[in-house]
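Okay, structure first, notes after.
The values are calculated or read from the model by the stated rules, or taken from the named source; none is laboratory data. Note that the structure is predicted; figures quoted are calculated from it, not measured. A quick note on method: Cβ atoms are made from the backbone with ideal geometry, for glycine too, and the neighbour counts reach across all protein chains shown.
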């Protein structure tokens, strides 16, 4: 998996976790047995920006911790210009990473990586709209994340 990271914040502190995202991307590919070459974009933003995105695209007037935009859902059909299938974009609110890590009592690294996996799985077609889907997605998140960034 090709992971492109775009840091729209002024902080370089997040760079230390970039190798973890690569590791988690690889583990996701292995776990889900994805054979094709895929790519994902990760955009790091602050609360104000993710609030604007949430309002503009979801009509929800509040910030959130992560938003993902899949290029297509499983029913879409499209032709590739290259051999790499673009999955979509994952926007991570770095302010939420700091707040939630403290609130949940785990590391910022764990929270950062959790939000990445959560957004990545959404781009791969997973959701949590009902209890059954939620259990499947959350179990998969833990299966991928726990060996790489323990609790």
> Inside region 109-137, can you point out the residues that are assigned to a loop (DSSP other than H, G, I, E, B), touching a helix residue (DSSP H, G or I) at 6+ places or on another chain (Cβ under 8 Å) and surrounded by fewer than 17 Cβ atoms within 10 Å (Cβ to Cβ)?
Replying inline: 127, 128
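Quick one: is residue 113 out of contact with any strand residue (DSSP E or B) (no Cβ under 7 Å at 6 or more places or on another chain) and modelled with pLDDT under 95?
On the way: out of contact with any strand residue (DSSP E or B) (no Cβ under 7 Å at 6 or more places or on another chain): yes; modelled with pLDDT under 95: no.
When the stated conditions are applied, residue 113 does not pass them.
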> Looking at region 13-35, is at least one residue at pLDDT 95 or above and assigned to a strand (DSSP E or B)?
Replying inline: no
> Listed residues 40, 6, 50; which is in a helix (DSSP H, G or I), under 22 Å from residue 109 (Cα atoms) and touching a strand residue (DSSP E or B) at 6+ places or on another chain (Cβ under 9 Å)?
Replying inline: 50
> Among the residues of region 93-103, is there at least one that is part of a loop (DSSP other than H, G, I, E, B), under 16 Å from the mean Cα position of the chain (by Cα), crowded, with 17+ Cβ neighbours inside 10 Å and at negative phi?
Replying inline: no
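Here is a yes/no grid of residues against (1) closer than 15 Å to residue 149 by Cβ; (2) under 16 Å from the mean Cα position of the chain (by Cα); (3) buried (at least 19 other Cβ atoms within 10 Å of the Cβ):
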{"residue": "2", "(1), (2), (3)": "no, yes, no"}
{"residue": "7", "(1), (2), (3)": "no, yes, no"}
{"residue": "10", "(1), (2), (3)": "no, no, no"}
{"residue": "16", "(1), (2), (3)": "yes, no, no"}
{"residue": "23", "(1), (2), (3)": "yes, yes, no"}
{"residue": "30", "(1), (2), (3)": "no, no, no"}
{"residue": "34", "(1), (2), (3)": "no, no, no"}
{"residue": "46", "(1), (2), (3)": "no, yes, no"}
>> All but one of (1) within 25 Å of residue 2 (Cα to Cα); (2) at pLDDT 95 or above; (3) in contact with a helix residue (DSSP H, G or I) (Cβ under 6 Å, 6 or more places away or on another chain); (4) not in a helix (DSSP H, G or I) hold for residue 60; state the number of the condition that does not hold.
In response: (1)
